[in-house]
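Colleague: This structure is in structure tokens; I'll ask about it shortly.
What follows is calculated from the coordinates using simple rules that are stated; it is not laboratory data. Predicted model only: the values in this text are computed from it and were never measured. Cβ atoms come from the backbone with ideal geometry, glycine included; neighbour counts cover every protein chain shown.
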Amino acid sequence: MIDKWLKTILAIVILILFLTVGNTQVWAENPWGFGTDIGFLTDTADDTVFNLSFQGDYFLDEEFSIGPQLLIAPSGDLTQITFAGIARYHIPLGSVSLIPFGGLGFVYADYERGRTDDNDASYSFPFGATAAFHISRTISLASTLIFTFQDLDLDNRRNSDNFNIGLLFGFRFHP
């Protein structure tokens, strides 16, 4: 299952790179940026799980952006999906940008363990920081540390599922 997800993410990243590398003039006129990450999320109802992240950034100016973020944890027993609106402040530090962020959203978790199937939905408060290492003017390698607060109530859980920590690695595509 993870092999299928990795191949899908790799195909999406290659397609995005193919469409954006030679097209810098169009990006200069477009205020949208986006990113994708892969990593893990700890302290969930199923312990530590594989995680995917997709985000969009609408740049209001060069330092401030807002946009959606989608976190998907498609692991064995637990499927957890978080959707949030995020505000980011981009702090340029030479060839690296530090990007603190915070937002508000919703989380849905479906936990299947044996014969029991439990699910719940809750609010979510994601916040954290990203370090973006610029490869070119429009592409960056990124490392993100994300903390999420929520109020999921799942039966038969091993750990607290009200606070998660994630470490993600991926790409950012800037206008």
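Colleague: Residue-wise, which Karplus ³J(HN,Hα) couplings in Hz belong to region 98-111, taking 6.51 cos²θ - 1.76 cosθ + 1.60, θ = phi - 60°, and x for glycine or proline?
Modeller: Once θ is set to phi - 60°, the couplings for region 98-111 become 9, 10, x, 8, x, x, 9, x, 10, 10, 10, 10, 10, 10 Hz.
Colleague: Want the number for Asn30 to Val96: 0.36 nm per residue separation, take away the alpha-carbon distance, what's left?
Modeller: Here the answer is 21.6 nm.
Colleague: Measuring from label point to label point, each 7 Å out along Cα→Cβ, what is the Glu112 to Ile66 span in nm?
Modeller: 3.8 nm
Colleague: For Arg172, Arg137, Arg88, what ranking results if the residue with the fewest other Cβ atoms within 10 Å of its Cβ goes first?
Modeller: Arg137, Arg88, Arg172
Colleague: Rank the residues Leu141, Leu152, Leu93, Leu41 as a footprinting-exposure proxy: fewest other Cβ atoms within 10 Å of their Cβ go first.
Modeller: The order, fewest Cβ neighbours first, is Leu93, Leu141, Leu152, Leu41.
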